[in-house]
Amino acid sequence: MTKLNLLILLVLPLFCLAQSTLQLKGKVSSEKALLEWADISIFNSEGKIIDGTTTKPDGTFEIVLKKGSYKIGISLLGFSEYQQEIALEKDTDLGIIILKENTTSLNEVVVKTKKNTIEQKIDRVVYTIENNISAVSGDALSAINNAPGVVVQSNAITILGKGASRVMIDGRMIELSGEELNSFLKSISANDIKSIEVIANPPAKYEANGTGGIINIIMKKGMVNSWKNTSTLSYDQNKYGIFTLRNSFFYNKNKFRMALSGNGRIGNTNNTEDLDVYYPTGLWQLRDVSKQKENSLSGRISLEYDISDKTTIGIQYLNENYTPDMKSNTMIHIFNNANTIDSLLVNKGFNRKYSGSQTYNAHLISKLDSVGRKVSVDLDYFTYNSRFDKNFTATSYSPEGTYRNTNQAARNNSNQNIDNISLKTDFDYPLSIIDLSYGAKISFIKSNSDVFYYNTISGSPELDPNQSNVFEYKENNQAVYLNGNKKINDKLTLQLGLRFENTQTNGYSETLNQEIKNDYLKLFPSFYIDYQLSENHGFNLNYGKRINRPGFGLLNPFRSYINSNSYSEGNPFLRPSFSNNFDFTYTFKKSFRTNIFFNRTTDGFGVVFKSNPEINTQIISRENYFNENSFGIGESYSVEVTSWFETQSSVYFLGSKTSFISQLNAVRSNTEQLYFTTENTFSLNETTKLQVEYFYSSPFKKGLYEIGYMAGLNIAVRKSFLQNSLQFTFLVNDLFNTSYLKGYTSVVNGVAQVYSQNESNRFLRLSVVYNFGNKKIKVQERDFGNKEEKKRAGK
């Protein structure tokens, strides 16, 4: 994409013909007097606010709009809200609109508007978490795990049947993945989250990277002309304890808006891992018990200022620091072919870890006119650094426990630094025949990492150059997109998108003197069809093509030792995979959802657990090794059965067909999977709620792996005081300790490996939330502006 083409794209609106506009006006009054400062909001067909104003001293208002169908909403403190559907064909005067006064006199107005928990839109599903009492007492990661069709397991966030998903906050991509992403999300209070958008097939506006779609976290905004503070203190008890303190402050006055939040966590978790490796010489039975620190400190500041009625500028800064130091004790029972113990191998180690990220954003949003045309610009800078320093010693004992020898002692340390800077411009340009949006983005990413392995068995560290590495990776991306949305009539809406991405990558291993370059231009189309047959029946069909680029850590050919007989290594020759995704959804009465999907993945890559039987060593590598067809059907039900009972349940039947494309010495296998989840909320009285959640995932096989069943029962009770300003929540998470990963089996090179991992899923939580501030002004939500992205880091 040349600079000239980008320039033409950015200035195109200046050459478009102006569209005819129409005037909508009226006068707002009570039964006694004209009303000043009433809020006038104009909604489009998707329910999004596209314009607004306030009434003048004489109660009048005027708004200029283009021809079309809208809904007008009028609200004022102390009066019932007014709404009306409008088909604007010519200049229209609504005359005098009478607002009715609220009959109840309150010292303080609390506006209770309960939204549907799940809402289907043309290109995403919106989940409102405020109805989930167990989620709002936790963090963003637990909130995501409650979103429909989303599962968080073993440091991976996935949309069922689609694979790993990327995460955005207010439309801006988080440049992390795996354990680092989960740590970042744990630093965000769920109380600060307004809703979660599950975007299985993202529109052309968003980056095409990631086969599992996008999870977009929408943060709460402050109330107009008010301030609010929310403080949360919680204590989690598993084998060890964790204290968490969170505070959020919102200020919104005239043209200025500010949001401040901080999060501190201190404590420990108990993690266990079991691995059975069936070598030809006999079984190696590994059990690792580790105590991991959960200490972290994070903060967020967001500032926005309206420099005019049409233009807003803003900045945002996020910071997160995490020190998950871990002390591990690994016991390996080594059996012979007669199934008796030959020896014991004990690995003891201590891993000092640190990770930190900083995100900077500056943005501008400017309305070009009163019919919805606007431009938004985002400049983002993201930096991430991590380091670990692991010391371990492997000691051999007889079956009776008699010391034999110390066969390995080492120190393995690593540093990784990632920098990303990106610039993005978006234009919303509605025309008379189509709502058009387009934009461009450039992104520059650089990752430097080094790993050094020192042999310490002699007592003094000796560098082993064959197991050390310095690796540098660069990725530049240029993208342009075009998206069109057309409402054909009151029932049918179409949306088409096209995105071009040009990518250049360069990976260089200084130690191996090896350089890998790639340069490719790809096209990513998407389309959406939404048909509302009637108020009770809705249909949605969509398609999107996606790319899945390997994370930086997967490309680094370094060798990182887990213990003396197990190590993990990256692969600089990994290629991106591609997927074509089809989704069909039927909605009945906005409560029942039937979703059918089919995904085709080519050149897929992933983790391969290999073993070297000659030296009895486990090798965790990454390869492009499969093509896969995934398919499934899901049924979801969300309804308020009575005034005191709400339920939200889903059941999914999933399947896949995998074929290997590399020379793996393994046999593929695929079976169906059943996934069921239900969330039930009981209002015991006006101030007390009980919530019972349960999920079940059946055992299944997929390609190279077999995975055992998982299930979990959560029970939460919330008690509110002081007109909901003070809340106590008690949560029992995973009551029966059955939600952890178990029976994760693969057979490669004739060696079977069976793995299980429990990361303290069962715990008790007591949390206290206190809200205070000036809440006497009615909430008026507005979009945060352009919502943008960042990407992925060491998986």
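FYI, it's all coordinate maths here, none of it is from the lab. Since we're looking at a predicted model, the values are computed, not measured. Note that we place each Cβ from the backbone using ideal geometry, even for glycine, and neighbour counts take in every protein chain shown.
Straight Cα distances below 12 angstrom link residue 228 to the aspartates and glutamates 192, with same-chain residues fewer than 8 positions distant left out.
Beyond 20 Å, the tail of the calculated P(r) for segment 21-98 holds 25 percent of the Cα pairs. The sum of -39500 (n - 2.57) across all DSSP H runs of n ≥ 4, divided by the residue count of the chain, sets its helix-only mean residue ellipticity at 222 nm to -1000 deg cm²/dmol.
Given axes a ≥ b ≥ c from the Cα gyration tensor, I'd like to know whether segment 153-302 is rounded (a/c under 1.5), prolate (a/b larger than b/c) or oblate.
Values: a/c = 3.68, a/b = 1.50, b/c = 2.44.
The shape class here is oblate.
The distance separating the Cα centre of segment 707-746 from that of segment 43-95 comes to 44 Å. The fewest-to-most ranking of 626, 631 by surrounding Cβ atoms within 10 Å reads 631, 626.
Please list, or write none, the lysines whose alpha carbon is within less than 16 Å of the alpha carbon of residue 255, excluding same-chain residues fewer than 8 places away. Result set, ordered by chain and number: 221, 310, 367. Across segment 672-683, computed HN-Hα scalar couplings (Karplus, 6.51 cos²θ - 1.76 cosθ + 1.60, θ = phi - 60°) run 7, 10, 10, 10, 10, 9, 9, 10, 10, 10, 10, 8 Hz from first to last residue, x flagging Gly and Pro. For segment 468-540, the list of GluC sites (Glu not before Pro) that fall in a loop by DSSP and count at most 14 other C-beta atoms within 10 angstrom reads 510, 535. Beta-bridge orientation, segment 21-98: approximately 85 percent antiparallel, per DSSP, counting only bridges with both partners inside. Segment 605-624 to segment 230-266: how many Å between their Cα centroids? Between the Cα centres of segment 605-624 and segment 230-266 lies a distance of 42 Å. Give 194/486; 441/486; 446/702 a once-over and call out the pairs whose C-alpha atoms are over 26 Å from each other. Beyond 26 Å: 194/486; 446/702.
Count Lys and Arg as plus one, Asp and Glu as minus one, and take only other residues whose Cβ is under 12 Å from that of residue 671; the net charge is then +2. Within the same chain, lysines fewer than 8 places from residue 390 are excluded, and of the rest, those with a Cα less than 20 Å from its Cα are 291, 293, 327, 348, 353, 795.
For the chain, the gyration tensor built on C-alpha atoms gives a prolate shape. Its axis ratio a/c (a ≥ b ≥ c) is at least 1.5, and a/b is the larger of a/b and b/c.
Across segment 718-726, computed HN-Hα scalar couplings (Karplus, 6.51 cos²θ - 1.76 cosθ + 1.60, θ = phi - 60°) run 10, 10, 10, 9, 6, 6, 6, 6, 10 Hz from first to last residue, x flagging Gly and Pro. Backbone amide hydrogens, once placed in the peptide plane, bring residue 170 within less than 5 Å of 217, 218, 219, excluding anything fewer than 5 places away on its chain. Close Lys pairs in segment 21-98 (alpha-carbon distance under 16 Å; sequence gap of 8 or more, or different chains): 11.
Tell me the chymotrypsin sites (Phe, Trp or Tyr not before Pro) within segment 713-742 that lie in a loop according to DSSP and have at most 10 other beta-carbon atoms within 10 Å.
736
Over all other residues within a Cβ to Cβ distance under 12 Å of residue 691, the charged ones net out to -1, with Lys and Arg as +1 and Asp and Glu as -1.
For segment 187-196, the Karplus equation 6.51 cos²θ - 1.76 cosθ + 1.60, evaluated at θ = phi - 60°, returns couplings of 7, 9, 6, 5, 5, 8, 9, 7, 7, 10 Hz by residue, with Gly and Pro reported as x. Between segment 568-593 and segment 316-330, the alpha-carbon centres lie 30 Å apart.
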